[in-house]
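One structure below.
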Amino acid sequence: MTSAVYIHIPFCHHICHYCDFNKVFMKNQPVDLYIDMLIQEMKTVHTGSEPMKSIFVGGGTPTALSAEQLKKLCEGIQSTFRITEETEYTFEANPGDLSKDKISVLKASGVNRLSFGVQSFNDRLLEKIGRNHRADDVYRSVREAQEGGFSNISIDLIYALPEQTLEDFEDTIDRALELDLPHYSGYSLIVEPKTVFYNLMRKGRLPLPGEDTEAAMYDLLMEKMAAKGLHQYEISNFAKPGHESLHNLTYWENESYYGFGAGAHGYVNGIRYSNIGPVSKYIQTLKDGNLPVFHEAEVTLYEKMEEEMFLGLRKTDGVSISHFKQKFDVELMDIFDAPVKNMTERKLLVAENDRIRLTREGRFLGNEVFQSFLGLN
């Protein structure tokens, strides 16, 4: 049974220099028609009545939509999926875009969680990375969201930005924690192809902090979150007890989820799929009465086991040996004895009490650990 949903809104008023998600400038785009076709896709694919565990609307910038467009989208979501009081229903939001009328629409539509793309509280850095909001917008948007009835709020931060110092990042963490929110995410910058930053880096014009500074930033993030009583339940995510993101846990626990919208990815009935990316082609495919799937691949049993390891080890609790046996009817160590022993000897993994998990040192070299579980078959 699939009880998690990702819905993609590809429109942005502004394109950030580091972003490689499927997105387009909103101006002159057929936004209303896109919403119609998105709802059509959801209703065609999902016909069950089981309650949803999580619904996550991301982008792009979902809050780039007008209040009327948001209302139309939310009505489509409500009429397609069974949403209960237990459903985690999240919208990504840009601090510069979330007006009071949009907050009212989301609240009235049953949305119960907001995730703000803050990235930094340093206005100079925000400008440098191509964000169109400033620190004051964050304070205002969070305050207005709380006044509008939202208490479950998360903010994303990015570190190892061009010209960012450890002191810069410490100030951002401190200002973020002053808001006393239930959930925070902190990601190091990854320079992806086809982005402004990638082009600058190729020309030698992207002054990134060194690896030691990046590691110090991550160390500081973990320390300050722990001191504030926030549990690090995944490599990059921190929450007050009971406020862990159910949607993100769907990914890390290797469970199935629908992906709707242009360029969205999904994982249903053992098949991973991605949708057509270009908005016009996505719309036309649905208009023609077809589903907008661009690529799909059945995941083999061995690939599922690999994914169980490299996704599950992102969680602080790691991977359960008994759950692995129950899920795949095979002993974990019969498959992954070599990488577990190797990474344990290097003190990057620890195996105890039915679980295999990253050590604190292992969190700094997570990608190297995850890589060790791939391609053994």
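The values are calculated or read from the model by the stated rules, or taken from the named source; none is laboratory data. On a predicted model such as this, the values are computed, not experimentally measured, just so you know. Quick reminder, even Gly has a Cβ in these numbers, built from the backbone with ideal geometry, and neighbours come from all protein chains shown.
Would you call Asn248 among the polar types (S, T, N, Q), in the same structural domain as Phe91 (by TED's automatic domain parsing), within 27 Å of Leu73 (Cβ to Cβ) and free of Cβ contacts under 8 Å to residues at least 24 places away in the same chain? Outline the logic, then answer.
Numbers: among the polar types (S, T, N, Q): yes; in the same structural domain as Phe91 (by TED's automatic domain parsing): yes; within 27 Å of Leu73 (Cβ to Cβ): yes; free of Cβ contacts under 8 Å to residues at least 24 places away in the same chain: yes.
Judged against the criteria, Asn248 is a match.
Select from region 173-203 the residues that are in a helix (DSSP H, G or I) and either among the basic types (Lys, Arg) or on the phi > 0 side of the Ramachandran plot (or both) and list them in ascending order.
Matches in region 173-203: Arg175, Arg202.
List the number of the failed condition for Leu206; all other conditions in (1) of a type outside the set (Lys, Arg); (2) in contact with a Lys or Arg (Cβ under 7 Å, 6 or more places away or on another chain); (3) outside any helix (DSSP H, G or I) hold.
So Leu206 meets the others, but not (2).
So for region 60-83 (the condition being at positive phi, in contact with a strand residue (DSSP E or B) (Cβ under 8 Å, 6 or more places away or on another chain) and assigned to a loop (DSSP other than H, G, I, E, B)), does at least one residue qualify? First the steps, then the outcome.
Kept after step one, since they are at positive phi, are these residues of region 60-83: 60.
Those left that are additionally in contact with a strand residue (DSSP E or B) (Cβ under 8 Å, 6 or more places away or on another chain): 60.
From what's left, assigned to a loop (DSSP other than H, G, I, E, B): 60.
Yes; the residues of region 60-83 include at least one that is at positive phi, in contact with a strand residue (DSSP E or B) (Cβ under 8 Å, 6 or more places away or on another chain) and assigned to a loop (DSSP other than H, G, I, E, B).
Restricted to region 209-262, and to residues that are outside any loop (DSSP other than H, G, I, E, B) and of a type in the set (Asp, Glu), which residue is modelled with the lowest pLDDT?
Restricting to residues being outside any loop (DSSP other than H, G, I, E, B) and of a type in the set (Asp, Glu), the top hit is Glu211.
Scan Ala338, Ala297 and give me the residue that is of a type outside the set (D, E, K, R) and under 21 Å from Arg363 (Cα atoms).
Ala338 is the lone residue from the list that is of a type outside the set (D, E, K, R) and under 21 Å from Arg363 (Cα atoms).
Being among the β-branched types (Val, Ile, Thr) and crowded, with 24+ Cβ neighbours inside 10 Å is the filter here, so list the residues in region 63-79 that pass it.
The answer is Thr63, and nothing else.
So which of Glu41, Glu92 ends up being in a strand (DSSP E or B), within 18 Å of Gly263 (Cα to Cα), of a type outside the set (Phe, Trp, Tyr) and in contact with a helix residue (DSSP H, G or I) (Cβ under 9 Å, 6 or more places away or on another chain)?
Every option except Glu92 fails the conditions.
Glu211 - would you say it is farther than 19 Å from Asp317 by Cβ, surrounded by fewer than 19 Cβ atoms within 10 Å (Cβ to Cβ) and more than 19 Å from the chain's Cα centre (by Cα)?
On the way: farther than 19 Å from Asp317 by Cβ: yes; surrounded by fewer than 19 Cβ atoms within 10 Å (Cβ to Cβ): yes; more than 19 Å from the chain's Cα centre (by Cα): yes.
Yes; evaluated as a whole, the condition is true for this residue.
Can you find even one residue in region 2-14 that is crowded, with 22+ Cβ neighbours inside 10 Å, of a type in the set (A, V, I, L, M, F, W, C) and more than 23 Å from Gly266 (Cα to Cα)?
no
Among the residues of region 221-241 satisfying the criterion of being in contact with a Pro (Cβ under 8 Å, 6 or more places away or on another chain) and surrounded by fewer than 18 Cβ atoms within 10 Å (Cβ to Cβ), which is nearest to Glu306 (Cα to Cα)?
Step by step, filter region 221-241, then rank; the result is His231.
From the list Gly48, Gly60, Gly96, which one is more than 22 Å from Gly289 (Cα to Cα) and either in contact with a Gly (Cβ under 7 Å, 6 or more places away or on another chain) or surrounded by fewer than 24 Cβ atoms within 10 Å (Cβ to Cβ) (or both)?
Gly96
Hey, Asp334 hits all of (1) under 25 Å from the mean Cα position of the chain (by Cα); (2) more than 26 Å from Pro10 (Cα to Cα) but one; which does it fall short on?
(1)
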